[in-house]
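To keep things clear, I will list the structure first and then write my remarks on it.
The values are calculated or read from the model by the stated rules, or taken from the named source; none is laboratory data. Note that the structure is a prediction, hence the values are computed from the model and not measured. Cβ sites come from the backbone with ideal geometry, for glycine too, and all protein chains shown count toward neighbours. The area values use the complete protein model at the heavy-atom level, side chains included, leaving out ligands, DNA and RNA. Shrake-Rupley method; radii C 1.70, N 1.55, O 1.52, S 1.80 Å.
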Amino acid sequence: MKSKIIMTSMVGLAFAMPAFAVPSKTSETFPQNGQMQEDTKYIGQATETNLHSYEGPVTATANYTDTPYTVTAGNYLPMSSETVAQCTSGNYCPGINGTVNYSTSANQGLTACPNGYPNSLAGATSDTECYTACTVANAGIDHASAVSGNDYYGTGVDTCVPTECVAGWHLNPGAPDLATIIGETLGENSSSIDSDGWFGETHYSGGGNKGQAYYGITEEMSFAVDYGNKGMIRGKARCSTQSGDNQSEAYTNPTMFNSLTDATGQPGAKYCYCQLDGYTPNGGTMQPISTPWVFEGQMAFESTCGDYCAGYCAENLVYDDSNKLRFRAAFFNNVTGGTPTCDANVISITWDGADQTDIDANDAGQCTYGGDINTPKKAVHVPGKTFVGWTFDTPSGN
């Protein structure tokens with residue numbers, strides 16, 4: 001009985017022993033360079049030739065080579081990192097010829113922007129993408145008293161524009177940056193006039209309906225969208241025989257034309273296009289603008305296209321869902337109208353003691369601030385008086 005007890009205990013110990021894993025790969029030859037690979041069984045290779053010993057113990061030394069990293073323009077290899085990253089703001093990254101190795105002491109491929117131009121967007125590739133905010137001094141814009149935009153280093157293209165002008169000069173706003181001014185704002189109201197001259201208005205958010213005079217549209221196939229305190233856009237629609245693609249109303253790359261000659265009412269004119277022609281700032285006056293014709297969609301019949309096209313143009317520019325915003329961006333990203341400038345005031349002149357024909361003869365009815373003053377051809381003769389000259393009145397209170 002005693003021996004049986006001992007044998008049972010030994011069996012119990014055997015079952016408690018852990019199982020040993022074996023390498024997943026095998027090789028019957030030893031590497032010529034002596035560098036054994038991970039997770040490998042070298043069958044029958046435990047010899048003095050390979051171990052350099054008959055008895056041991058022996059040491060297997062891990063060998064490493066540097067990993068090469070490719071750093072393209074707009075990226076850099078951060079210090080103590082094995083992952084190339086996008087260039088950070090305030091720096092530029094022109095890329096590195098060849099490859100670089102891991103470093104614990106330096107960011108590789110990253111260069112700080114030049115003194116005086118401390119800013120850049122992430123991913124900048126050149127020092128010409130470094131900038132500082134525009135000032136009246138560095139912008140060099142004639143007659144500006146306030147500016148906005150960025151002054152770029154070296155040959156970088158500056159975006160400085162005037163926002164206010166000195167006395168005697170007024171701001172010509174040029175093409176407004178609708179992508180910034182309005183952006184993705186949800187519209188409050190829209191209106192349109194169809195090909196038969198019927199005016200319609202739709203209320204979405206904000207205030208109630210405004211009436212046709214509020215939008216300033218009078219022509220057939222015109223429309224307007226009100227974004228509240230962001231201002232209002234207006235435009236026109238056209239039904240064309242020219243087909244287009246709107247990616248099943250996803251508007252990822254809608255068809256656009258700079259000119260679209262055929263008009264609503266022609267046979268086969270069932271393709272609806274839209275174009276912007278004006279922007280009115282909140283509380284301001286309408287600024288003429290221009291955009292390409294953007295394809296809105298295809299109507300079932302040319303006979304109904306004129307009824308709906310202008311309304312669809314307005315509707316697609318009101319909403320802020322992703323498809324409609326892509327349609328909106330096709331206009332906002334292609335607005336033209338000129339760069340803002342400070343233009344001299346044109347001052348009308350009333351000439352006392354001169355006939356209109358003599359004023360017109362010398363184009364003396366107005367002058368441009370800072371320019372020339374033309375006087376009338378002659379003054380009216382007053383009996384018993386000798387004309388000695390005209391003087392400008394001084395406004396009261398000055």
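Take region 151-201 and flag every residue that is hydrophobic (A, V, I, L, M, F, W, C) and not in a loop (DSSP other than H, G, I, E, B). Within region 151-201, V161, C165, W169, L171, L178, A179, I181, I193, F199 meet the criteria.
Of the numbered criteria (1) within 24 Å of G187 (Cα to Cα); (2) touching a residue at least 60 places away in the same chain (Cβ under 8 Å); (3) touching a Cys at 6+ places or on another chain (Cβ under 7 Å), the one M286 fails is (3). Selection of region 81-109 for residues being outside any loop (DSSP other than H, G, I, E, B), farther than 19 Å from N119 by Cα and open to solvent by 30 Å² or more (accessible area, probe 1.4 Å) yields T99, Q108. If you check D158, D226, which single one turns out to be without any contact (Cβ under 8 Å) to a residue 60 or more places away in the chain, surrounded by 20 or more Cβ atoms within 10 Å (Cβ to Cβ) and in contact with a strand residue (DSSP E or B) (Cβ under 7 Å, 6 or more places away or on another chain)? Step by step, each of D158, D226 is checked, and only D226 is without any contact (Cβ under 8 Å) to a residue 60 or more places away in the chain, surrounded by 20 or more Cβ atoms within 10 Å (Cβ to Cβ) and in contact with a strand residue (DSSP E or B) (Cβ under 7 Å, 6 or more places away or on another chain).
Candidates in region 187-198 are the residues that are in contact with a Ser or Thr (Cβ under 7 Å, 6 or more places away or on another chain) and not polar (S, T, N, Q); of these, the one that is least open to solvent (accessible area, probe 1.4 Å) is I193.
Every test in (1) in contact with a Pro (Cβ under 9 Å, 6 or more places away or on another chain); (2) among the charged types (D, E, K, R); (3) open to solvent by less than 40 Å² (accessible area, probe 1.4 Å) is passed by D151 save one, and that test is (1). Restricting region 321-355 to residues that are among the hydroxyl-bearing types (S, T, Y) and touching a residue at least 60 places away in the same chain (Cβ under 8 Å), the residue that is surrounded by the fewest Cβ atoms within 10 Å (Cβ to Cβ) is T336. Looking only at residues of region 115-146 that are open to solvent by 40 Å² or more (accessible area, probe 1.4 Å) and of a type in the set (G, A, S), we find that the one that is nearest to N91 (Cα to Cα) is A122. For region 167-178, taking the residues that are surrounded by 15 or more Cβ atoms within 10 Å (Cβ to Cβ) and of a type in the set (A, V, I, L, M, F, W, C), the one that is farthest from G90 (Cα to Cα) is identified as W169.
Residue check, T368 against (1) touching a strand residue (DSSP E or B) at 6+ places or on another chain (Cβ under 9 Å); (2) of a type in the set (S, T, N, Q); (3) free of Cβ contacts under 8 Å to residues at least 24 places away in the same chain, all met but one. Which one? Going through (1) touching a strand residue (DSSP E or B) at 6+ places or on another chain (Cβ under 9 Å); (2) of a type in the set (S, T, N, Q); (3) free of Cβ contacts under 8 Å to residues at least 24 places away in the same chain one by one, T368 breaks only (3).
You will find that of E220, E184, E201, the residue that is of a type in the set (D, E, K, R), in contact (Cβ under 8 Å) with a residue 24 or more places away in the chain, farther than 30 Å from T159 by Cβ and open to solvent by 10 Å² or more (accessible area, probe 1.4 Å) is E220 and no other.
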